[in-house]
Amino acid sequence: MKLNKNIYYLFTLITILGLASCSSDDDSSNGLDNLPPVISINEPTQDEAVAVGGEVHLDVDLEDDVELASYKIDVHNDFDGHTHTSRPSSIQQTLPWALSQTEELEAGQTAHHIHKHLEVPANAAEGAYHVGIIALDQAGNQSEAYVKIIVGEDHSGEDHGITITSIETEDAPKGGELHLEAAITAEHGIQTVSVNIHDHGLQPSGDEENWAFNVDFTDYSGASASFYEHIDVPANATPGEYHMTITVIDAEGHTHAESAHIHVTETGNDATAIQFSGLDIPATIAAGTEMHAEATITADHGVHLVHVHIHSEAGNGWSFEEDYTNYDGQTTANFHEHIDIPASAAAGEYHFELEVKDEEGNTNSTSTHFDIN
């Protein structure tokens, strides 16, 4: 009898191990594929220069452990200062180059090579651009990779009498409207105001899509204007942080751009339930030191989560993300945290964002900039 019991226990153990092995082997087929695709951009290379009216040689390798689904090519301007263009007189208008192109892949592919020639428009405004690939696998995992290129020449720092000030915007719910305001001046007259909006590495779920917006507004003119537009947010836009760039092109083809960050929220979000005051971080901080960050948070329904996100405005520097739960339930929270800045952090301008979620799921955020030297 004892021998039979030992055989029974041994059989049970083998069965359990066998099921565990099958479960592990079948994770991907059961929707448990959690690894995103791997993107290798071979060309263009970082800071590669291309001619206006020329072409960008795109050479990219995609890999996934289970199955690739699709990829998107994304090109948007990275104007962070003043740039100018020199054009033949036959070309009357210059515009920031923007491209968003999605391609579905054949079923069963775990690797795919992209080889394309992207034509740069003959009237593309000169300056810095981001060329990126966003890859999606069959399980819905997403990854992205970008490189910066220079179209024509980059004349950052030159002043052509264009200013974009008093930018006012707000978080907008899915399916709602984004209200955008700014004061614009241009010594040589306004030709075009362009708005570009793209996501910051968001992960869509279900039928959500990462929203991209590129529109050129030509009904503004004169040496100054009050820019005011309502922009529709798609109902299936992925909620989260988006980067917005306003670019002004004057009558002589000079360009200037300013940027801001916005949030797309879930439908019905009541951002007014969360308020901020006294956000205080150093304007300049040295790498290898500690940042003191303070703010007062007022949350009608109590704080559920405080999230800090720091990233380089250049796109290739130090980044930081941290959730803080030690303020849970407080209706008035005195946020005070010390954040270590690595000694290896690249010098430059950084974006600091403080986002709060309350006990009812409402979110709101505030942000500022600082420099690392």
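Every read-out reported here was derived from the displayed coordinates using simple, explicitly stated rules and does not represent laboratory data. Please read all numbers here as calculations on a predicted model, not as lab measurements. Note that each Cβ is placed from the backbone with ideal geometry, even for glycine, and that neighbours are counted across all protein chains shown.
Rounded to the nearest 500 deg cm²/dmol, what is the calculated helix-only ellipticity per residue at 222 nm for the chain, with -39500 (n - 2.57) per DSSP H run of length n ≥ 4?
-2500 deg cm²/dmol
Among ASP323, ASP74, ASP47, which one moves the most in a GNM of the chain with springs linking Cα atoms closer than 10 Å?
Fluctuation is largest for ASP323.
Rounded to the nearest 20 debye, what is the charge dipole size of the range 162-265 about its Cα centre when +1 sits on each Lys and Arg Cβ and -1 on each Asp and Glu Cβ?
For this selection, approximately 80 debye.
Could you please rank THR298, THR245, placing first whichever residue has the fewest other Cβ atoms within 10 Å of its Cβ?
THR298, THR245
Would you mind checking the tilt of helix 2-25 against the longest principal axis of the Cα atoms of the chain, expressed as 0 to 90 degrees and rounded to 10?
Approximately 10 degrees, to the nearest 10.
Over the range 162-265, calculate the relative contact order: mean separation of alpha carbon pairs under 8 Å at least 6 apart, over the residue count, as a percent.
Contact order relative to length: 37 percent.
With a 10 Å Cβ neighbour count serving as the proxy for reagent exposure, in which order, fewest first, do LEU35, LEU136 appear?
If I rank by nearby Cβ atoms, fewest first, I get LEU35, LEU136.
Please give the peptides 275-281, 234-240 ranked by average Cβ packing (other Cβ atoms within 10 Å per residue), highest first, as a rough proxy for protection.
The most tightly packed comes first, giving 234-240, 275-281.
If Rh is defined by the Kirkwood formula over all Cα pairs and Rg also comes from Cα, what ratio Rg/Rh do you get for the range 38-151?
1.05
Listing ASP65, ASP171, ASP250 from the residue with the fewest other Cβ atoms within 10 Å to the one with the most, what is the order?
The fewest-first ordering by Cβ neighbours comes to ASP65, ASP171, ASP250.
Which number gives the lysine pairs in the chain that have C-alpha atoms under 28 Å apart and are eight or more places apart or on different chains?
Total qualifying Lys-Lys pairs in the chain comes to 5.
Of ILE149, ILE133, ILE231, which is the most mobile in a GNM of the chain whose springs link Cα atoms less than 10 angstrom apart?
Judging by the Gaussian network model, the answer is ILE231.
For the range 140-146, what does the Karplus curve 6.51 cos²θ - 1.76 cosθ + 1.60, with θ = phi - 60°, yield as ³J(HN,Hα) per residue in whole Hz, taken in order and with x for Gly and Pro?
Residue by residue, the range 140-146 yields x, 6, 10, 9, 9, 8, 10 Hz.
Which residue, VAL233, VAL264, VAL131, tops the fluctuation ranking in a GNM of the chain built on C-alpha contacts under 10 Å?
Result: VAL233 has the largest fluctuation of those listed.
P(r) for the range 85-214, please, calculated from all Cα pair distances in 5 Å bins and given in %.
Percent of pairs per bin, in order: 2, 6, 13, 17, 17, 16, 12, 9, 5, 3, 1, 0.
Just round it to a whole percent: the fraction of Cα-Cα distances in the range 271-372 exceeding 22 Å.
30
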